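A.B. asks: Dropping the structure in here first, questions after.
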Amino acid sequence: MEINDELQDAMNDQLNFELYSGYIYLSMAAYFEDKNLSGMAHWMKIQAGEEYQHAMRFWDHIADRGGRVILKEIKAPDKEWESPLEAFKTAYKHEKLVTDRIFKIGKLAEKLEDKSAIPMLNWFYNEQIEEEEQTKRIALLLKEIGDQKSALFMLDTKLGQREK
Ligand code: FEO
């Protein structure tokens with residue numbers, strides 16, 4: 001089933017936004033490395049890899065349905081945050097924005113009664129639950145940790161163990 005033009009445009013935009021998300025997380029990784037928080041930097045690099053995979057899901061869906069992938073400019077991300085807490089709060093806020101965007105694409109797919117796009121987007125709804133939950137949970141922990149350096153380094157070690 002060939003992809004509808006409007007849906008193709010929306011998916012190309014989202015492909016770009018997923019790459020942009022990865023760029024934000026890479027920038028956060030650089031920020032954490034600069035602060036000597038190598039575990040958080042590692043966590044963010046893995047997250048950036050996930051965003052690349054999300055982008056490729058949109059890529060494959062467009063291409064497999066006879067559409068045309070179009071790559072656009074990726075906006076430069078911020079490079080500084082006030083604190084690790086602010087960085088993870090920003091990541092959580094960003095993930096909520098991603099969820100809203102995916103819901104909008106889902107509404108379009110439903111309007112078009114696109115039976116191929118709907119299950120593909122369902123995968124993203126579940127993924128977004130996880131992405132929001134993880135960033136929110138880490139932000140909450142950082143809030144509780146406050147100025148306690150030893151607790152911060154313990155959390156950093158834990159986040160450095162992320163495998164996927
Ligand atoms: Fe691909 Fe973190 O949303």
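A.B. asks: Whether any residue in the stretch 78-85 is under 23 Å from K164 (Cα atoms), buried (at least 18 other Cβ atoms within 10 Å of the Cβ) and within 11 Å of the ligand (Cβ to nearest atom) is what I want to check.
C.D. replies: No, the stretch 78-85 contains no residue that is under 23 Å from K164 (Cα atoms), buried (at least 18 other Cβ atoms within 10 Å of the Cβ) and within 11 Å of the ligand (Cβ to nearest atom).
A.B. asks: Ok, one more. Are there any pairs with C-beta distances below 7 angstrom linking a residue in the stretch 149-164 that is outside any helix (DSSP H, G or I) to a residue that is at pLDDT 95 or above and among the hydroxyl-bearing types (S, T, Y), with the two at least 6 apart or on different chains, and if so which?
C.D. replies: From residues that are outside any helix (DSSP H, G or I), the pairs are G160/S38.
A.B. asks: Checking the condition over 16 Å from the mean Cα position of the chain (by Cα) and at pLDDT 95 or above, which residue from E110, E131 passes? Even if it seems obvious, please write down each step before you answer.
C.D. replies: Details: E131 fails: over 16 Å from the mean Cα position of the chain (by Cα).
Sole residue among the options that is over 16 Å from the mean Cα position of the chain (by Cα) and at pLDDT 95 or above: E110.
A.B. asks: Continuing with the same structure: Go through (1) away from the ligand (no atom under 14 Å from the Cβ); (2) assigned to a helix (DSSP H, G or I); (3) in contact (Cβ under 8 Å) with a residue 24 or more places away in the chain; (4) over 23 Å from Q8 (Cβ atoms) for A91 and report which single condition fails.
C.D. replies: (1)
A.B. asks: Scan the stretch 109-128 for residues that are closer than 15 Å to I62 by Cα and away from the ligand (no atom under 16 Å from the Cβ) and jot them down.
C.D. replies: Let us first name the residues in the stretch 109-128 that are closer than 15 Å to I62 by Cα, namely 109, 114-121.
Answer for the stretch 109-128, where residues must be closer than 15 Å to I62 by Cα and away from the ligand (no atom under 16 Å from the Cβ): A109, D114, K115, S116, A117, I118, P119.
A.B. asks: Could you run through the stretch 4-41 and say how many residues are in a helix (DSSP H, G or I) and farther than 17 Å from S83 by Cα?
C.D. replies: Of the residues in the stretch 4-41, 19 are in a helix (DSSP H, G or I) and farther than 17 Å from S83 by Cα.
The values are calculated or read from the model by the stated rules, or taken from the named source; none is laboratory data. Quantities reported herein were computed from a predicted structural model and do not represent experimental measurements. For neighbour counting, all protein chains shown are included, and Cβ atoms are generated from backbone atoms with ideal geometry for every residue, glycine included.
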